[in-house]
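Read through the structure below, which is laid out as structure tokens, and then see the notes.
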Amino acid sequence: MALVADAGHNLSDVLALIVAWVASIAAKKPPSARFTYGFKSSTILAALANAMLLAIAIGAILFETAHRMLDPVEPEGMVMVVVAGIGIVINAATAMLFMRGRKSDLNIRGAFLHMAADALVSLGVVIAGIAIIYSGSVWIDPIVSLVIVAMIAWGTWGLAKDSLKMGLLGVPDGIDEAEVRRHLAGLEGVETVHNLHIWPMSTTQTALTAHLVMPDAPGADFLGEVTASLKANFGIDHPTIQIERSRLDRECC
């Protein structure tokens, strides 16, 4: 059962990688008249879909584990050791493929962490198999599967929380809205900042809109300098700045 749990987790991760790969291809499609941002947000939908896949895997494994506890079957320890040992090699090698891009892309970082965790889970199955060989206890198998389920659930919660936040256009992690506001307000000639919005366009790109009240007209290079500073300081790729000579509108949000 521990081996089945590990295999189920690996299967869900393979499906997750496929979904993430398809989303990454879609995100590169150019904008159109209907989808003016292109399909960049498909990577966010992919993260949500992956969280759902993991939740389904958890339910299936829990169901089978409960059945195995009610009707214990003597597990084959040597099979667990051999198959899970192969899993360690494959998962560790796959994790290395995602090592380089894990710092810049939520999807890649998620894939790296999943595959690294899979290698550790497979190691746990190997240890469980060895323990079964020497002790003969049938309870080690379902207990290890429950531990694996707990690890999957922990990762699923984090992925679901982050992807849901992005789906609701929350300010991306690593960006402090108050710091961005202070940065814009501190620019030369800026009197106040309002209607500031920061949201993820995808798992790698961030957009911003803001109204800057500037009584004196800014120089020709002002917007270019603001764009460069937002990219350098906060990693914001797509800022849209509106310059106002005076504050005539009411701040709505």
Counted residues, the range 54-68 - those being farther than 18 Å from Val144 by Cβ and open to solvent by less than 50 Å² (accessible area, probe 1.4 Å): 2
Number of positions in the range 181-207 that are touching a residue at least 40 places away in the same chain (Cβ under 8 Å) and within 23 Å of the chain's Cα centre (by Cα): 7
Residue in the range 86-110 that is modelled with the lowest pLDDT, counting only those that are loosely packed, with under 15 Cβ neighbours inside 10 Å, part of a helix (DSSP H, G or I) and not β-branched (Val, Ile, Thr): Leu97
Considering residues of the range 126-170 that are touching a Phe, Trp or Tyr at 6+ places or on another chain (Cβ under 9 Å) and either open to solvent by less than 80 Å² (accessible area, probe 1.4 Å) or assigned to a helix (DSSP H, G or I) (or both) only, the residue modelled with the highest pLDDT: Gly170
Hey, Val14 aliphatic (A, V, I, L, M), out of contact with any helix residue (DSSP H, G or I) (no Cβ under 9 Å at 6 or more places or on another chain) and either loosely packed, with under 14 Cβ neighbours inside 10 Å or assigned to a helix (DSSP H, G or I) (or both) or not: yes
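The values are calculated or read from the model by the stated rules, or taken from the named source; none is laboratory data. Values in this document were obtained by computation on a predicted structure and should not be read as measured data. All Cβ positions, glycine included, derive from the backbone under ideal geometry; neighbour counts span all protein chains shown. Accessible surface areas use protein heavy atoms only, side chains included; no ligands, DNA or RNA. Shrake-Rupley method; radii C 1.70, N 1.55, O 1.52, S 1.80 Å.
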